[in-house]
Amino acid sequence: MKSTEMNAHATFDANEMIDSYVADVAVRLPRAQRNDVAFELRALLHEELQAKAEDGGRVVDAAMALEFLRAFGQPAEVAARYRPALTIVDPADGRTFLVWSVVGLAVIWGLGLLELLQRGAQDGWGWGRMLTLLGQWLGGTVVSSLWWPGVLVTGFAMAAASRRRRSRTSNWTPRPEHRIAGGRIAMTMGVVGMLCGMALLIEPRWILDIVWGGNAAPAAYTALTYTDTFVHGPAFVLLALIAVNVPLYITVMAQGRWSPRLRRIETVLGLITCAAMVWAIVDGPIFLSTHSDGTAKTLMGLIVAYVLLHHAIVAYRRVRPTPKTQALR
């Protein structure tokens with residue numbers, strides 16, 4: 001079992017293991033202190049690991065580094081040493097709990113207020129009516145929304161208890177920064193999806209020919225007919241951008257990992273593709289059919305939101321070990 005585990009981490013050297021461990025710790029910290037702590041922690045780990053190797057008369061290797069890091073503690077527990085503790089739930093979950101509480105309450109209150117504003121617009125406005133609606137919002141939405149923090153407290157407490165039980169029996173596992181999420185299978189599926197998307201951009205009506213053998217109703221063909229504005233504008237740009245992504249993904253699959261340069265190229269292409277989709281949404285109808293046009297624009301909007309959210313999360317979670325004085329320059 002131990003031999004199998006070491007073979008699974010054979011591609012790591014000691015420095016990569018420390019970098020992976022530091023990233024797992026630092027990503028749990030507030031953004032303002034993340035890089036400074038990462039710089040300090042990485043230096044500390046290198047120093048203590050080297051001292052351990054010298055005391056044992058050994059050369060630092062991956063096996064020693066993995067044993068040392070696991071003995072140092074779980075990343076969540078180490079992060080808690082650097083972060084001010086919140087006593088509502090487990091200190092390691094305090095900040096996440098607070099964010100979820102605020103976001104959840106804001107959504108509940110906002111939806112309740114929107115409903116009351118719609119009712120006010122229908123019934124007419126006046127000071128008496130506004131005070132009545134405000135009282136209904138405070139009593140019916142704000143007070144009753146307190147169930148949300150209660151649910152979060154229960155959920156986070158259960159998660160913390162489960163994590164503490166696992167920490168006694170499980171070991172930390174390093175994760176390479178430039179690994180392929182989902183492996184080559186996910187990348188292959190992504191390439192297939194891009195090729196299908198290119199086929200749809202060129203001619204979406206081929207789906208009807210495949211499903212109905214060319215015998216679909218004329219209205220169905222009309223529903224999947226692009227407008228000239230879309231064909232001679234955003235469609236060509238989107239087709240070119242997707243076509244550029246295909247060799248990029250194939251290169252990553254061949255290498256077995258993302259390189260920093262390929263990751264930057266992917267980010268730039270993703271943002272440009274989002275801009276092209278926004279252009280397609282606002283430029284005019286995509287399909288001749290109003291229903292098909294609305295569906296296509298909704299799907300594009302969801303894709304844009306997902307891609308932007310993904311890049312925002314990646315940027316937020318990025319760790320660059322830097323001393324605090326240098327980070328402020």
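The values are calculated or read from the model by the stated rules, or taken from the named source; none is laboratory data. Computed from a predicted model, the values in this text were never measured in an experiment. Here the Cβ positions follow ideal geometry from the backbone for every residue, glycine too, while neighbour counts run over all protein chains shown.
Kindly establish whether residue 272 is within 30 Å of residue 25 (Cβ to Cβ) and either surrounded by 15 or more Cβ atoms within 10 Å (Cβ to Cβ) or not hydroxyl-bearing (Ser, Thr, Tyr) (or both). It is false that residue 272 is within 30 Å of residue 25 (Cβ to Cβ) and either surrounded by 15 or more Cβ atoms within 10 Å (Cβ to Cβ) or not hydroxyl-bearing (Ser, Thr, Tyr) (or both). I'd like to check something: does segment 50-57 contain any residue that is polar (S, T, N, Q) and closer than 29 Å to residue 162 by Cα? Within segment 50-57, none of the residues are polar (S, T, N, Q) and closer than 29 Å to residue 162 by Cα.
Can you name the residue in segment 232-258 that is under 24 Å from the mean Cα position of the chain (by Cα) and without any contact (Cβ under 8 Å) to a residue 40 or more places away in the chain and, of all such residues, is surrounded by the most Cβ atoms within 10 Å (Cβ to Cβ)? Selected residue: 241. The residues in segment 264-300 that are closer than 21 Å to residue 240 by Cβ and in contact (Cβ under 8 Å) with a residue 24 or more places away in the chain can be counted, and the count is 16. Within segment 217-226, not a single residue is more than 30 Å from residue 283 (Cα to Cα) and modelled with pLDDT under 85.
If you go through segment 181-223 and keep only what is of a type in the set (S, T, N, Q) and surrounded by 11 or more Cβ atoms within 10 Å (Cβ to Cβ), you end up with 188, 222. When we screen 98, 111, 105, 116 for residues that are out of contact with any Lys or Arg (no Cβ under 9 Å at 6 or more places or on another chain) and modelled with pLDDT of 85 or more, the only hit is 105. Figure legend. Inter-residue proximity from segment 208-219: first residues closer than 19 Å to residue 289 by Cα, second residues among the aromatic types (Phe, Trp, Tyr), beta-carbon distance below 9 Å, spacing 6+ or different chains. Indicated pairs: 208/221.
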